[in-house]
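Reading through the structure tokens given below for one structure.
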Amino acid sequence: MKPTKPLSLETEIVHGTHTVHTTSLDLVAPIHMTATYKFRSADHGAGIFDGTDEGFVYTRIGNPTVAQLQEKMAVLEGGEAAIATSSGMSAIAAVGLSLAKPGDNLVSSTTVYGGTFSLFNHHFRDLSIESRFIPPSDCCTAGQIEALIDEKTRFLYLETPANPTVDILDIRLWASVAQKKGIPLVVDNTFASPYLQRPLELGAEIVVHSATKYLGGHGDIIGGVIVGSAAMMDHIRQDYAHHYGPSMSPFNAWLFLRGIKTLALRMERHCDSALKIARWLEAHPKVDRVYYPGLDSHPGHAAAKAQMREFGGMIAFEVKGGLAAGKTIMNAVSLCILAVSLGDCETLIQHPASMTHAAYTAEERRAAGIGEGLIRLSVGLEDPDDIIADLEGALDLV
Ligand code: LCS
């Protein structure tokens with residue numbers, strides 16, 4: 001019997017989509033490790049190529065395991081279709097280069113992952129695609145966003161919560177500007193995951209992910225996902241993906257499908273622990289500022305409440321004594337692991353100005369609100385009291 005009412009997101013996370021590509025009734029679909037596919041006849045092969053027959057051709061173009069992940073991500077983000085890619089960066093590049101061409105421009109929030117900033121600011125510029133960045137203080141009104149848009153603007157782009165400051169941008173506000181101007185809004189939903197935030201429901205047209213983070217959840221694979229309408233995904237495939245070939249490996253797709261099954265449980269734990277640790281940090285006399293959208297003191301607290309289910313697992317903070325004190329902490333912790341990336345089972349600590357956001361100049365970091373002493377914590381799945389004890393020991397040395 002088919003379910004009579006729509007399934008909850010928690011149930012979709014576990015079950016999701018089940019397009020069957022085998023006859024063996026596996027609970028867990030196998031990994032289709034094949035580069036190419038047999039055609040039943042010459043006419044069958046020709047039919048697949050001209051679109052009159054269904055079937056797979058070649059794994060750069062499509063693969064059953066990758067297709068299953070794509071279907072699942074479309075369901076979880078509330079889109080019609082998805083494209084899985086080799087990394088978050090290749091997902092962002094695919095979206096950017098299929099929407100904007102030489103002579104065009106894009107408008108992006110300034111505070112984004114350092115790799116994204118570098119792609120937009122340097123590599124797109126080399127291709128004569130201009131990136132116009134809006135500093136966090138100017139992201140508040142529709143007028144400020146509109147002021148940067150002209151007839152050559154092909155898309156708006158934002159990250160919320162933003163890497164690394166955990167700034168919150170109002171997706172509905174940006175979507176209203178995008179819709180008024182008739183251009184797509186692209187949202188990087190990496191920090192939230194679809195469990196906490198569904199940008200397409202808030203008016204965005206495209207969602208991108210570094211699936212490497214919460215979707216994989218175990219720090220062992222790199223991947224990316226793009227979600228949106230079937231027509232938009234077709235455009236990105238035809239215009240970019242099939243030719244530039246940023247395809248995800250079937251093995252990685254299988255691991256992502258496995259990781260996603262526990263997304264709801266993991267996110268609940270990340271959020272509960274992050275709130276506890278953020279509150280503890282905020283009360284610590286040696287900590288200057290704590291940035292966590294779940295705190296009343298966070299300027300984006302109300303906006304986060306309006307668009308997120310909970311506040312995520314990412315915290316940023318500044319210690320009294322600036323960068324020198326921050327370095328003492330990063331060198332002293334033992335349970336928190338000094339490493340970039342985020343969304344893993346282990347708590348990770350890093351210094352954005354010299355690590356993930358080193359691609360910004362000091363001036364650009366200032367404009368993006370990324371303090372030189374800022375420390376970023378990706379709260380893992382450990383007992384939060386053990387993480388607090390680890391941080392407390394390190395703060396004692398400051
Ligand atoms: N978008 C966001 C928000 C990210 O944080 C990252 C990577 C990417 C896109 C790129 O995805 P990737 O190609 O790495 O899968 N963020 C990293 C970070 O903060 N530390 O190391 C990587």
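Which number comes out as Rg/Rh for segment 244-316 once both Rg and the Kirkwood Rh are worked out on C-alpha atoms?
Working: Rg = 16.6 Å, Rh = 14.4 Å.
We get a ratio of 1.15 for segment 244-316.
Here the accessible area of the chain is 55 percent carbon and sulfur, with a 1.4 angstrom probe and all protein chains present. When shorter helices are ignored and each DSSP H run of at least 4 residues is given -39500 (n - 2.57), the per-residue value for the chain at 222 nm works out to -10500 deg cm²/dmol. Using a 10 Å Cβ count of at most 12 others and DSSP loop calls, identify the longest part of the chain lacking such trypsin sites (Lys or Arg not before Pro). The reported range is 41-398.
Averaging sequence separations of C-alpha pairs under 8 Å and six or more residues apart, then dividing by the length of the chain, give the relative contact order as a whole percent.
Averaging sequence separation for qualifying contacts and normalising by length gives 18 percent for the chain.
Counting charges near residue 121 (Lys, Arg +1; Asp, Glu -1) among other residues having Cβ under 12 Å from its Cβ returns a value of -1. Residues whose amide H comes within less than 5 Å of that of residue 338, counting only those at least five positions distant or on another chain, are 349 (H built at 1.01 Å from N in the peptide plane).
In the context of the full set of protein chains, residues of the chain present 42 Å² of accessible surface per residue (probe radius 1.4 Å, heavy atoms only).
May I ask for the Kirkwood hydrodynamic radius of segment 4-78, worked out over all distinct Cα pairs and given in angstroms to one decimal? Intermediate values should be presented prior to the final figure.
Working: mean 1/r = 0.0704 Å⁻¹.
Answer for segment 4-78: a Kirkwood hydrodynamic radius of 14.2 Å.
Overall, the anisotropy analysis places segment 184-288 in the prolate class: the square-rooted eigenvalues a ≥ b ≥ c of its C-alpha gyration tensor yield a/c not less than 1.5, with a/b exceeding b/c.
Less than 5 angstrom separates the built amide H of residue 55 from none of the residues sequence-distant by 5 or more or on a different chain.
How high is the relative contact order of segment 311-384, in percent, counting Cα pairs under 8 Å that sit 6 or more residues apart?
Working: 112 pairs, mean separation 31.8, N = 74.
Computed over segment 311-384, the figure is 43 percent.
Summing Lys, Arg as +1 and Asp, Glu as -1, what charge do residues with Cβ under 14 Å from the Cβ of residue 290 carry, residue 290 excluded?
Working: positive: 276, 279, 286, 289, 320, 376; negative: 167, 282, 288, 296, 318.
Charge balance near residue 290 sits at +1.
Near residue 319: Cβ cut-off under 10 Å, other residues only, Lys/Arg at +1 and Asp/Glu at -1. The net charge is +2.
In order along segment 164-171, phi translates into HN-Hα couplings of x, 7, 6, 4, 10, 10, 7, 4 Hz, rounded to whole numbers, per the Karplus curve 6.51 cos²θ - 1.76 cosθ + 1.60 with θ = phi - 60° and x for Gly and Pro. Excluding residues on the same chain fewer than 8 positions from residue 181, give the aspartates and glutamates whose Cα lies under 19 Å from its Cα. Once the sequence-local aspartates and glutamates are set aside, what remains near residue 181 is 104, 130, 138, 146, 150, 151, 170, 201, 205. Only lysines eight or more places from residue 286 in sequence, or on another chain, were considered; those with a Cα closer than 21 Å are 276, 320, 327. The GluC sites (Glu not before Pro) of segment 121-195 that meet both conditions, a loop assignment by DSSP and at most 12 other Cβ atoms within 10 Å of the site Cβ, are 151.
Rank 341, 281, 87 by how far each Cα sits towards the positive end of the charge dipole of the chain (+1 on Lys, Arg Cβ; -1 on Asp, Glu Cβ) and give me just the farthest. Looking along the dipole axis, the top candidate is 87. Remark on residue 134: its backbone amide H falls under 5 Å from those of 108, 109, 110, a criterion applied only to residues 5 or more positions apart or on other chains, H modelled at 1.01 Å from N. Under the criterion of Cα pairs below 8 Å and six or more residues apart, the relative contact order for segment 263-395 equals 28 percent.
What does the charge dipole of segment 9-260 about its Cα centre add up to, to the nearest 20 debye, if the Cβ of each Lys and Arg holds +1 and the Cβ of each Asp and Glu holds -1? Present the calculation step by step, with values, prior to reporting the outcome.
Details: 16 positive and 26 negative charges, 70 e Å.
In total the dipole reaches around 340 debye.
Helix 263-283 and the longest principal axis of the Cα set of the chain meet at an angle near 10°.
Solvent-free Debye calculation, one equal scatterer per alpha-carbon of the chain: log10 I(q)/I(0) at 0.06, 0.08, 0.12 Å⁻¹ equals -0.24, -0.43, -0.94.
The values are calculated or read from the model by the stated rules, or taken from the named source; none is laboratory data. A quick note: this is a predicted structure, and the numbers were derived from the prediction, not measured. When we count neighbours, we look across all protein chains shown, and the Cβ atoms used for this are built from the backbone with ideal geometry, even at glycine. Remember, those area values only see protein heavy atoms, side chains included, never the ligands or the DNA or RNA. Shrake-Rupley method; radii C 1.70, N 1.55, O 1.52, S 1.80 Å.
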